[in-house]
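What follows draws every value from the coordinates through simple rules; no lab data is involved. Keep in mind that what you see is a predicted model, and the values were worked out from it rather than measured. All Cβ positions, glycine included, derive from the backbone under ideal geometry; neighbour counts span all protein chains shown.
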Amino acid sequence: MKQKTYQTPIGIVKFPKTKIGEKEHGVIFVPAGYKEDYTASWKFQLVFDPKTKQAKELLDILNVEHYKIKGANFNPTKKDLSKNDAGDMVETGLVAINFTSGYPPKMVDAELNPCNVKIGWGSKIRVKFTIKPVNNKGKVGLGRYTRLIQVIDPKELGINTDGFEKEEGFVVDTSLDFKD
């Protein structure tokens, strides 16, 4: 039986992590020459505006599915938090969904061409996913499993340089490979 898939609105990636063996990367990607590894995992959080029509419909579906699970004790979504200028955590008004997969995520670009890029913090993506009830060490709820990522605007390093300008000084040797 084919699992039903759901689709998010376009959102922003937070906390991206690819773990293969003992090595963790702060981006979502599939390394060249990747061979199946049962210890591998891909995890990230997608943050988006809950007020759009597509977001409201998706959140309603997730809430209904969540309440069907007996003993559910964690919600499928959470309120997004960010530090303000004083360093306090405050709600942003956005909603966050955590995604996970034990399989390398398939990716397409904005025009639906297959691709394989590094997706870092701040990337804009849309996610197609499946859901199923989970019970992991007493945490009971709705698992969200990535099936396809549409990459709208990748941010490989996930570093926001807004407000900075180029300056004279240290420049990294780009011939060295520090990415993996």
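For the chain, a Gaussian network of Cα nodes joined below 10 Å ranks Ala72, Ala86, Ala110 by mean-square fluctuation, and the top entry is Ala86.
Can you bin region 6-153 into rounded, prolate or oblate? Criterion: square roots of the alpha carbon gyration tensor eigenvalues sorted a ≥ b ≥ c, rounded for a/c under 1.5, prolate for a/b above b/c, oblate for the rest. It is rounded, given that a/c, with a ≥ b ≥ c, falls under 1.5. Of the trypsin sites (Lys or Arg not before Pro) found in region 1-105, the ones in coil according to DSSP and having at most 10 other Cβ atoms within 10 Å of their Cβ are Lys2, Lys4, Lys35, Lys51, Lys68, Lys70. Remark: for residue pairs Lys19/Lys106; Lys56/Lys78; Lys19/Lys53; Lys68/Lys139, the C-alpha separation exceeds 24 Å in Lys19/Lys53. Ellipticity at 222 nm from helices only: DSSP H runs of n ≥ 4 in the chain, each -39500 (n - 2.57), divided by the residue count, give -2500 deg cm²/dmol. Taking amide H as placed 1.01 Å from N in the peptide plane, the amide H of Gly143 sits under 5 Å from that of Lys132, Val134, each at least 5 places away or on another chain.
Take every Cα pair under 8 Å whose residues are at least 6 apart in sequence, average their separation, divide by the length of the chain, and the relative contact order is 26 percent. Helix 53-67 and the long axis of the chain differ in direction by around 50°, with both axes built from C-alpha atoms.
Toward the positive end of the charge dipole of region 6-153, about the Cα centre and with charges on Cβ (Lys, Arg +1; Asp, Glu -1), which of Gly138, Ile119, Ser82 goes farthest? So the residue we want is Gly138.
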